[in-house]
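Structure in structure tokens, see below.
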């Protein structure tokens, strides 16, 4: 069955409108603010999961422990350097 030119033109116009709408939707989804909003929504939803909360708490505890350990070692080194300086000053005197 042959189609007439008007039917073909209507199909082309409809497809063009659909394509334009699809492109507009893709452009809207790809905007940085929308992507950031989507990521935020997903992360907030995931953080509501008790299992994820336990993991985050564990990782946080490890990070805090490492920071405390680093600070303690740094304080110990400063103290040792101070004592070493005092010994060197006493030896040179």
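Every number here is computed from the coordinates shown, using simple stated rules; none is lab data. Nothing here was measured: the structure is a model prediction, and the numbers come from that model. Counting neighbours? That spans all protein chains shown, and the Cβs are built from the backbone with ideal geometry, glycine included.
Can you find even one residue in segment 25-42 that is surrounded by 10 or more Cβ atoms within 10 Å (Cβ to Cβ), assigned to a helix (DSSP H, G or I) and in contact with a helix residue (DSSP H, G or I) (Cβ under 7 Å, 6 or more places away or on another chain)?
Within segment 25-42, one or more residues are surrounded by 10 or more Cβ atoms within 10 Å (Cβ to Cβ), assigned to a helix (DSSP H, G or I) and in contact with a helix residue (DSSP H, G or I) (Cβ under 7 Å, 6 or more places away or on another chain).
May I pose another question? With the condition kept exactly as written, say whether any residue in segment 63-74 is free of Cβ contacts under 8 Å to residues at least 60 places away in the same chain and surrounded by fewer than 10 Cβ atoms within 10 Å (Cβ to Cβ).
No, because not a single residue in segment 63-74 is free of Cβ contacts under 8 Å to residues at least 60 places away in the same chain and surrounded by fewer than 10 Cβ atoms within 10 Å (Cβ to Cβ).
Right, another one. If we scan segment 83-90, do we find a residue that is surrounded by 10 or more Cβ atoms within 10 Å (Cβ to Cβ), in a helix (DSSP H, G or I), in contact with a helix residue (DSSP H, G or I) (Cβ under 7 Å, 6 or more places away or on another chain) and free of Cβ contacts under 8 Å to residues at least 24 places away in the same chain?
No, segment 83-90 has no match at all.
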